[in-house]
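Input: a single structure, listed below in structure tokens.
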Amino acid sequence: MRFGRTQAVHEVSFTVEAGEFFSILGPSGCGKTTILRMVAGFLQPTEGKILIGGRDMRGLGPDQRPTAMIFQSLALFPLMPVWENIAFGLEARGVEKSVRRARAEELLRLVALEGFGERMPGELSGGQRQRVAIARALAVEPQVLLLDEPLSALDLKLRQHLRSELRELQKRTGVTFIYITHDQSEALAMSDRVAVMSAGILQQVGAPRELYDNPATPFVAGFVGETNAIGGKVASVEGGFATLDSPHGPLRGRASNGLSAGAPAKLYVRPEALAYGAEGGHTIAATIDRIDFEGAFALAYGTLEDGNSLIVSIPNTKLGSAPPIGERASFSFRAENAVVLADV
């Protein structure tokens, strides 16, 4: 997809299965909303095509596609009661009022807002307005529901509550959801599969656990959750593992594709995979700069010998034996809990 000389999306290709909760994850400006607007019909791709249910959507506008879209702003009509907001799409299609009202009441029950039909949007909480927007989108019985960062304006507690509600609602209705977000935890918690985007390029598509445990690119490793990256050169690759010559000595991790001896690479290891002390496996040392208490765990931030940073997750139950700030401490990890990726 091009806008003048700017190419917003570069040869992106993926398939979303019917009834799937599919998320597109990436930072601002990576092209994820452009993809959603092309699926919805607000933009026509300059190259390639979009198929929904095997049907080419080329030339069809938003009102001709089996999709409905929920925008970040929700865009509810403030002077219409809730039930009329929900039934608006049916009214535009010429459905008579009694049928519209019955369908609105059915959807209010579905989204746990029974009895709210006569209220005005301004009388609802943020979470309730979100559910009204979903009910309105479902009223026209779309094959695909498109959601453009619908939770981003809500506070953390409400976002966490609503993401579980959204997931449960998607399971109950069986409608295909395509969800746009820049929030990694949101995508990992709700999705069947996630597509990770960067600068208009599709980096990887996979189940949440696959993306977290087996990132295919350095971008995915760094963007999906916290990680530590240690640079060096590949010494050897054998048996599915790669050994990296690093400033901290030889380190070993699972080998990704495209590694060759002598090539620059980085070993990525998650904060929770590092254990305080030399408990076997590979050991690295860092000076502890600070420890941030997060409740169930704490994050220890340190500086390695080469000046790079290290982050370690320490369970709450082990905080009593955490290394003191300013002290040099050793941390160990097992090779199967780290991955080596080509440094590109």
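The values are calculated or read from the model by the stated rules, or taken from the named source; none is laboratory data. It should be emphasised that the depicted structure is a prediction, and the values quoted were computed from it without experimental measurement. All Cβ positions, glycine included, derive from the backbone under ideal geometry; neighbour counts span all protein chains shown. For the accessible areas, the whole protein counts, side chains as well, though only heavy atoms, and no ligand, DNA or RNA atoms are used. Shrake-Rupley method; radii C 1.70, N 1.55, O 1.52, S 1.80 Å.
List of remarks:
- Here the strands (runs of 3 or more DSSP E) wholly within the range 259-344 that include at least 3 residues being of a type in the set (Gly, Ala, Ser), more than 19 Å from LEU244 (Cα to Cα) and out of contact with any Gly (no Cβ under 8 Å at 6 or more places or on another chain) are 297-304.
- Just one of (1) under 22 Å from VAL39 (Cα atoms); (2) in contact with a Leu (Cβ under 9 Å, 6 or more places away or on another chain); (3) of a type in the set (Val, Ile, Thr) fails for VAL144. It is (2).
- Which listed residue, of ALA40, ALA68, is closer than 17 Å to ALA135 by Cα and either touching a His at 6+ places or on another chain (Cβ under 8 Å) or surrounded by 11 or more Cβ atoms within 10 Å (Cβ to Cβ) (or both): ALA68
- For first residues located in the range 188-205 and within 15 Å of THR15 (Cα to Cα) and part of a strand (DSSP E or B), partners that are open to solvent by 20 Å² or more (accessible area, probe 1.4 Å) and of a type in the set (Phe, Trp, Tyr) and lie 6+ apart or on another chain with Cβ distances below 7 Å form the pairs ALA195/PHE14; VAL196/PHE223; LEU202/PHE14; GLN203/PHE219; VAL205/PHE14.
- Residue match in the range 10-25 (condition: closer than 28 Å to GLY126 by Cα and free of Cβ contacts under 8 Å to residues at least 24 places away in the same chain): no
Each row is one residue, and each column tells you yes or no for (1) at pLDDT 95 or above; (2) more than 31 Å from the chain's Cα centre (by Cα).
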{"position": "LEU259", "(1), (2)": "no, no"}
{"position": "ALA265", "(1), (2)": "yes, no"}
{"position": "GLY277", "(1), (2)": "no, yes"}
{"position": "PHE297", "(1), (2)": "no, no"}
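- Residues of the range 219-247 satisfying the condition of being over 25 Å from the mean Cα position of the chain (by Cα) and surrounded by fewer than 20 Cβ atoms within 10 Å (Cβ to Cβ): GLY231, LYS233, ALA235, SER236, VAL237, GLU238, GLY239, GLY240, PHE241, ASP245, PRO247
- Leading residue by the ranking (surrounded by the most Cβ atoms within 10 Å (Cβ to Cβ)) among those in the range 313-344 that are among the small types (Gly, Ala, Ser) and under 15 Å from ASP289 (Cα atoms): ALA329
- Scope the range 264-294; condition among the aliphatic types (A, V, I, L, M) and surrounded by 13 or more Cβ atoms within 10 Å (Cβ to Cβ); matching residues: ALA265, LEU267, VAL269, ALA273, LEU274, ALA275, ILE284, ALA285, ALA286, ILE288, ILE291
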